[in-house]
1. If you take the residues in the stretch 66-92 that are touching a Leu at 6+ places or on another chain (Cβ under 9 Å) and at pLDDT below 90, which one is least open to solvent (accessible area, probe 1.4 Å)?
2. Every residue in the stretch 595-631 that is closer than 15 Å to LEU71 by Cα and surrounded by 15 or more Cβ atoms within 10 Å (Cβ to Cβ), please.
3. So, ARG196, is that one over 26 Å from the mean Cα position of the chain (by Cα) and outside any helix (DSSP H, G or I) or not?
4. Give me the pairs: first residue in the stretch 166-179 and closer than 14 Å to ALA264 by Cα and at pLDDT 95 or above, second residue open to solvent by 60 Å² or more (accessible area, probe 1.4 Å) and not in a helix (DSSP H, G or I), beta-carbon distance under 6 Å, and six or more apart or on different chains, which are they?
5. Check ILE336 against each of (1) touching a residue at least 24 places away in the same chain (Cβ under 8 Å); (2) surrounded by fewer than 20 Cβ atoms within 10 Å (Cβ to Cβ) and name the one condition it does not meet.
6. Of everything in the stretch 310-366, what is part of a helix (DSSP H, G or I) and of a type in the set (D, E, K, R)? Give them in sequence order.
7. So which of THR396, THR464 ends up being open to solvent by less than 10 Å² (accessible area, probe 1.4 Å), of a type in the set (Ser, Thr, Tyr) and either out of contact with any helix residue (DSSP H, G or I) (no Cβ under 8 Å at 6 or more places or on another chain) or not in a helix (DSSP H, G or I) (or both)?
8. In the stretch 37-64, how many residues are in a strand (DSSP E or B), in contact with a helix residue (DSSP H, G or I) (Cβ under 9 Å, 6 or more places away or on another chain) and at pLDDT 90 or above?
Amino acid sequence: MPSTFLGLNTGLSGLNYYQGTLNTTAHNISNADTKGYSRQQVLSRAAEAIRVNNSYGMMGTGVESTGITQLRNVYYDTKFRSSNAKLHEYSGIREQLSQLESYMNEAKSETGYTQLLQRFDGALQDLSSSPSNATYRTQFIQCANNFTDFINELATNYQNTQRDINSEIAIHVDTINSIASQIYTLNQQIMNIESRSGNAGDLRDQRELLVDQLSELVNVDVVETPIMFGTGANAVASGATRYEVRIGNSLLVDEMECRQLKVAAREAKINQNDIDGLYDVYWQGLDDTVGDKFNFNSGNVSGLIKGLLEARDGNNDNPFSGTIMEMEEDTANGSIVKINLGPAGADIDKLNLPKEGIITLNCKEYYYEGWEASYDSNGNLNDFVFKNLTVTDKNTGKRIPAVFDNKAQDLGKEGALGDSIDCKGIPYYMQELNEFVRTFSKYMNDIYTAGADANGEAGLDFYTGTDINGADYELKVPEGQEKPAPSSVSSTYYQLTALNWGVNQAIMHDQNKLVVSYKSDIDQGNLDAKDIVLKVMAGMKNQNMYAQGTPAQFLQSITTSLGVDIMKYKSFANNMDEVSNIINNQRLSVSSVDTNEEAANLIVYQNGYNLACKIISVMNEIYDKLINQTG
């Protein structure tokens, strides 16, 4: 039989329930504009009924609040973070390529390559009208120098962009570490509260917001599982959960561990014109040491950092790679390896090998100090020997000569420098500028060195580069000597880059060393002969100098390639932005606070609260009549 005061307790349960809903609604309204806040809702169920031992069986005892929950959809969270990572990856690449394009867009200015080439052509025209005129000769030399300075500045700006990207990557890695530490702290707080049957909804919102921010930098996977007390059939839920955040399929943080990432400067270059100290990202080991490398180039990683790395290191999916043909130890050049590139070989104009670097042989990394190439019978560069291969001793951290314990397994496998990155990044465009410089110099120098200067002496290379000592490279091969094969130290066109390209210093200092005609004309006193000048003029219009056409068309192709890639990544970014917005709107439709809806709920809960109060008031009158006025 029910208690005499059952009605009063039933009304009280309703009063408590509606008090909770009003407080929760007030909390929702107060946080309507709080970023990352998820709408909360009071969960309830009918209180346990009691048996009345009558024909009607059971009698209800009111309402019971079972908790306060957040309204979130895990599916939408997962989809949003995936699209958010892709959006920032594409946006990162587009932003950096736009920076590169801005340097090329100066072609429309007074200092751009279009204007410089026009002035160069004008100076050639003037020189052809009077080849012996000292003013015209000096003017032509200066115009040529201005053009080489432009290419130098362009390459320097590309390197500066690479340096800026490198610094930005380090900053973003620190941000990942900071977010991971905050998530770890929140995990501890949430577990402590929820294991005691408390409500940690607001802390959960802070954690989810941090994960959203993390997804901009690198794609994340979140797994949340209940923590159980006991094992097997006797296990019971503790009320707390295990919240695990993974990046690139590797654990970043959970309730027990907070891993950190670390950037470390490369000990050697991968591309010829890379800046020193490019960062790679590793997991941090014990005592702040470097652990395993975090591979941002894998297919399951995305995010802003990957986009920055692709812009910084992108080689258009075309790294130096070939087949391992020989591996020898204890030679005159230390441990060596020979890589064969196949029948097509390599083009010296496109060669991008650093003098010292890291080569990967069948997935194992070795340091090398110097290399040399050789020509086959068809004149192709297809055999490259890398010298003085070393590895890092794990115990001492020092370099020791490489020992090939698995030579039989390694022969015939791939040897490569760097990863294959399907993006036209800074290394790709630096290689394009190097190709322009080498091809143009070789073509023009062959013309100039066939003639003689105003003093009748053999013509010098007009275009060359300066070495680390400030001297010009000797590119002209003396008569009777064989053309030297390219190597890391030989004075060949490989040494010419967009960074060191310039007009021969001897010609800059003495306009009489400029070649305008052949020696036979000079010997006959015909100083106004202009056969060489005419060939140079024809060369500037030569459609066959490059695969892309003339020198001007080659530079235009770089601008066009940048423009096309920027439009591509802009399109990708816009598509992902639209997808992200759609998913986020779906997510917000579940979790965001609608003030109109909350206002309507407020009226409903207020009415419920008033009715619960009315029940208690009525029951109070009944009990007053029963207890105080009966009898």
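The values are calculated or read from the model by the stated rules, or taken from the named source; none is laboratory data. What you see is a predicted model; the values in this text were computed from it and never measured. Reconstructed Cβ throughout: ideal geometry from the backbone, glycine too, with neighbour counts over all protein chains shown. Note: areas computed on protein heavy atoms with side chains; ligands, DNA, RNA excluded. Shrake-Rupley method; radii C 1.70, N 1.55, O 1.52, S 1.80 Å.
1. Applying the filter and picking the extreme gives GLY67.
2. The one that is closer than 15 Å to LEU71 by Cα and surrounded by 15 or more Cβ atoms within 10 Å (Cβ to Cβ): GLU598.
3. On the way: over 26 Å from the mean Cα position of the chain (by Cα): yes; outside any helix (DSSP H, G or I): yes.
Yes.
4. Partner pairs satisfying both residue conditions: ASN166/TYR279; ILE169/TYR279; ALA170/TYR279.
5. For ILE336, the exception is condition (2).
6. Filtering the stretch 310-366 down to residues part of a helix (DSSP H, G or I) leaves 310-313, 348-350.
If the condition is that a residue be part of a helix (DSSP H, G or I) and of a type in the set (D, E, K, R), then GLU310, ARG312, ASP313, ASP349, LYS350 are the ones that fit.
7. Exactly one of THR396, THR464 is open to solvent by less than 10 Å² (accessible area, probe 1.4 Å), of a type in the set (Ser, Thr, Tyr) and either out of contact with any helix residue (DSSP H, G or I) (no Cβ under 8 Å at 6 or more places or on another chain) or not in a helix (DSSP H, G or I) (or both), namely THR464.
8. Kept after step one, since they are in a strand (DSSP E or B), are these residues of the stretch 37-64: 40-46, 50-51, 58-59, 63-64.
If we keep only those that are in contact with a helix residue (DSSP H, G or I) (Cβ under 9 Å, 6 or more places away or on another chain) as well, we get 40-42, 44, 50, 59, 63-64.
Still in the list and also at pLDDT 90 or above: 40-42, 44, 63-64.
Number satisfying all stated conditions: 6.
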